[in-house]
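A.B. asks: Structure in C-alpha cells, see below.
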Amino acid sequence: MLIYNAKIHTMEGPVIENGYVLIRDGRIAAAGPSPAPEAAGEELMDAQGGLLLPGFVDAHTHLGMWEDGLGFEGDDGNEDTDPSTPQLRAIDAVNPFDRCFAEAREAGVTTVITGPGSANPIGGQLCAVKTYGRRIEEMIVKAPVAMKMALGENPKTTYHGKNQAPVTRMATAAIIREELAHARRYERDKLRAREDADADEPDFDAKCEALAPVVRGELPVHFHAHRLDDVFTARRIAREFGLDYVIVHGTQAHQAADLLAAEGVRVLCGPLLCDRSKPELKDLTPANPALLHAEGVERLAIITDHPVIPEQYLPLCAGLAVREGLPYEEALKAITIHPAVICGISDRVGSIAAGKDADLVLFREDPLTIAAKPAAVFAMGRRIV
C-alpha cells in the first residue's frame, strides 16, 4: 500500500507537511516528503491532507485482565493469595476477545502494555501486545516486557483484611527486598554449580527464575507508586539491587520533578481523568505531565490504567495534558514514541520509520480533541478501521 498526500508526524523527526508512507509485507518500507515514489501494483490511498500518526501506545493498562462487563468471572488481574508472585505471566490471563480491544483499535490504540494489578508487592510479568488478533501468541510484541511491583496503599489494603503481611509500607519493601535477595543468591548458586563440579545446583524455584533477569538488570521493574515517598522507596530499592526501573502513576511526582529529572527517572503519568478515589490520589492533577516536562523529565508517557480510564480515551488524556500546559508535540510523543522507548519496544512501534510495524492512524481533525475519531487505522499494513 502507498498512503500519500498526508501530513505525517513521524515522532522521531520533523513533521512532513505533505508526505507518503510505503508499506510492504506489513512493515513501513519508506516514508518521506512528496512526491511519492512509483508504486506500480500497490494499493493507493489518498490521505487528502489528513494527519498520519503511528498507532498509539499505552504503557500501562490491564486490558484483557479485567474484562468489560464482568465481575469475578473476568477478574484475572490480582492473585491476592500470596504477596509475591513474580512467576505469573500476563499472557496467561489476557482475553483477546474482550470487546475493549476493539474499542482500543477504533480509537487508534494499536499497542498496550498490560498485566497484573497492584495488590501484591510483586505482581508478575507484564507483556506488550497488539490490540488486534485472536491468539495472544500472535499479538505479543514483547513478553515479558517488565516485572510489576507495587508500593503504598494497595498492598496494605489488600492484606490488612487478611491479617497477613504486608500491612505497612515497611513490610511491602521488606518483602520485595527479600525476594530480590533470594533471586540474587539463587543466581550465584547456579553460577557456582556451573563453574564447580562439586557444587550442587539449587532446587528449581519458579519465583527466583522469574526474578533472575530482574536482578541481572535485563528486565525492568515497573513500580506502582503514587505518593512521593513511595517513589523514593522505589528508587532506594532499585539502587540497592541495581534495578532498571520505571515509575508508574507518579501522582505526586510533580512535587519533586527537579529531583526526578536530575536522575533521568522515567514516569508513566496517569490516570488523569479519574476522581481522587483514595488517599494516595489527593494531589492528582492533570497538570502532572506538564510540570514534569517543564522541569526536564525527558521520558514520560501518558497512560489510562485501563479499566480505570477506558482505553479508547488515551488520546483524550493527552489532550487534557495539553490543556494543562504540556506542549502539543510532547503530548503526541507521550502516547507514541516515549512509551515505546520506555518499554523497550521502539524497534517495532512508536514512530513512522522504515522497518517498523505499519501500525498507523489517520485523522481528519486534531486527534487530541473530544470530537476526533480516526478516519482509518492500519495494523501491520492492513486497514482494520
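The values are calculated or read from the model by the stated rules, or taken from the named source; none is laboratory data. The structure displayed is predicted, hence computed values, not measured ones. Note that we place each Cβ from the backbone using ideal geometry, even for glycine, and neighbour counts take in every protein chain shown. Just the protein is used for accessible areas: all its heavy atoms, side chains included, with ligands, DNA and RNA removed. Shrake-Rupley method; radii C 1.70, N 1.55, O 1.52, S 1.80 Å.
A.B. asks: What is the diffusion coefficient of the stretch 308-385 in µm²/s, taking the Kirkwood radius over Cα pairs and the Stokes-Einstein relation at 20 °C with a viscosity of 1.002 mPa s? The partial results should precede the final answer.
C.D. replies: Details: Rh = 13.4 Å.
For these conditions, the coefficient is 160 µm²/s.
A.B. asks: May I have the extent of the alpha carbons of the stretch 1-145 along their three principal axes, as whole Å values ordered from largest to smallest?
C.D. replies: Rounded to whole Å, the extents work out to 60, 27, 23 Å.
A.B. asks: How far is it, in nm, from the label point at R323 to the one at Q255 when both lie 7 Å from their Cα along the line to the Cβ?
C.D. replies: Distance between label points: 2.5 nm.
A.B. asks: Keeping every protein chain in place, order Y313, Y245 by accessible area at 1.4 Å, biggest value first, i.e. largest first. Each step should come with its number before you reach the end.
C.D. replies: Working: Y313 100, Y245 40 Å².
Largest to smallest exposure gives the sequence Y313, Y245.
A.B. asks: Another question about this same structure. Let's test this: bin the Cα-Cα distances of the stretch 58-121 at 5 Å from zero up to the farthest pair and state each bin's percent.
C.D. replies: 4, 18, 27, 25, 15, 8, 3, 1
A.B. asks: Sequence gap at least 6, Cα distance under 8 Å: using those rules, report the relative contact order of the stretch 130-204 to the nearest whole percent. Could you put the intermediate results ahead of the total?
C.D. replies: On the way: 41 pairs, mean separation 10.8, N = 75.
Once normalised by length, the contact order is 14 percent.
A.B. asks: Next up: Using DSSP to define loop residues, name the trypsin sites (Lys or Arg not before Pro) in the stretch 120-206 whose beta-carbon has at most 11 other beta-carbon atoms within 10 Å. Before the final figure, lay out each step's value.
C.D. replies: Details: sites: K130, R134, R135, K142, K148, K156, K162, R169, R177, R184, R185, R188, K190, R192, R194; in loops: R134, R135, K162.
Counting only loop positions with at most 11 other Cβ atoms within 10 Å, the trypsin sites (Lys or Arg not before Pro) in the stretch 120-206 are R134, R135, K162.
A.B. asks: Of A183, A318, A301, which is the most mobile in a GNM of the chain whose springs link Cα atoms less than 10 angstrom apart?
C.D. replies: Maximum among the listed residues: A183.
A.B. asks: So what's the net charge close to T285: Lys and Arg +1, Asp and Glu -1, counting the other residues with Cβ under 13 Å from its Cβ? Display every interim value, and only then the final one.
C.D. replies: Numbers: positive: R276, K282, R323; negative: D275, D283, E324.
Net charge in that neighbourhood comes out at 0.
A.B. asks: Continuing with the same structure: How much area per residue is accessible in the stretch 293-341 when the probe is 1.4 Å and only protein heavy atoms are counted (Å²)?
C.D. replies: Values: 1690 Å² over 49 residues.
Value for the stretch 293-341: 34 Å² per residue.
A.B. asks: Would you count, across the chain, every pair of lysines whose alpha carbons are under 14 angstrom apart, provided the pair is eight or more residues apart or spans two chains?
C.D. replies: Details: K130/K142; K130/K356; K148/K207; K156/K278.
Close lysine pairs found across the chain: 4.
A.B. asks: Per residue, how large is the accessible surface of the stretch 346-385? Use a 1.4 angstrom probe and give square angstrom. Walk me through the intermediate numbers first.
C.D. replies: Values: 1650 Å² over 40 residues.
The answer is 41 Å² per residue.
A.B. asks: Also, quick follow-up: For a quick protection proxy, order the peptides 71-80, 18-27, 57-66, 262-271 by their average other-Cβ count within 10 Å, most packed first. Intermediate results must be reported in sequence, preceding the final value.
C.D. replies: Numbers: 71-80: 15.0, 18-27: 18.4, 57-66: 28.3, 262-271: 21.7.
Per-residue mean Cβ counts within 10 Å order the peptides as 57-66, 262-271, 18-27, 71-80.
A.B. asks: Given points 7 Å out from each Cα along the Cα-Cβ axis, report the E43 to F232 separation in nanometres with one decimal.
C.D. replies: 5.5 nm
A.B. asks: Which residues in the stretch 208-233 place their backbone N less than 13 Å from a point set 7 Å from the Cα of A193 along the Cα-to-Cβ direction?
C.D. replies: Under cut-off, by backbone N: 208-209.
A.B. asks: To the nearest 10 Å², what's R348's accessible area with a 1.4 Å probe?
C.D. replies: Its accessible surface works out to 60 Å², give or take rounding.
A.B. asks: In degrees from 0 to 90, rounded to the nearest 10, what is the angle of the helix 314-323 Cα long axis to the longest principal axis of the chain?
C.D. replies: 80 degrees
A.B. asks: How large are Rg and Dmax for the stretch 183-279 when only the alpha carbon atoms are used, in Å?
C.D. replies: My reading of the Cα-based Rg and Dmax gives 17.9, 60 Å.
A.B. asks: Further, regarding this structure: Scan [x] 21.2, 66; [y] 20.2, 70; [z] 21.4, 72 for the value of Rg and Dmax of the Cα atoms in Å calculated from this model and give just the label.
C.D. replies: Checked against the structure: label [z].
A.B. asks: Which three extents, in angstrom, do the Cα atoms of the stretch 26-85 have along their principal axes, listed largest first?
C.D. replies: Cα spread of the stretch 26-85 along its principal axes, largest to smallest: 60, 27, 22 Å.
A.B. asks: Once you've got the GNM for the chain with C-alpha springs shorter than 10 Å, pick whichever of T85, T114, T157 has the biggest mean-square fluctuation.
C.D. replies: T157
A.B. asks: Report the chymotrypsin sites (Phe, Trp or Tyr not before Pro) located in the stretch 80-174 that are in a DSSP loop and have at most 14 other Cβ atoms inside 10 Å of their Cβ, or state none.
C.D. replies: Working: sites: F97, F101, Y132, Y159; in loops: F97, Y132.
Here the sparse-neighbourhood loop sites are F97.
A.B. asks: If I model a spin label as a point 7 Å beyond the Cα along the Cα-Cβ vector, how far apart are those points for T285 and V308 in nm?
C.D. replies: Taking the simple label geometry, T285 and V308 are separated by 1.8 nm.
A.B. asks: Still on this structure, please answer the following. Give the carbon-plus-sulfur fraction of the accessible surface of the chain in %, rounded to a whole number; probe 1.4 Å, heavy atoms of protein chains only.
C.D. replies: Numbers: 7630 of 16070 Å².
Carbon and sulfur: 47 percent of the exposed surface of the chain.
A.B. asks: Mind jotting down the distance between the C-alpha centroids of the stretch 319-362 and the stretch 1-15, whole Å?
C.D. replies: 13 Å
A.B. asks: Pairwise over distinct Cα atoms, reciprocal of the mean inverse distance: report the Kirkwood radius of the stretch 1-52 in Å, one decimal place.
C.D. replies: Details: mean 1/r = 0.0920 Å⁻¹.
That comes to 10.9 Å for the stretch 1-52.
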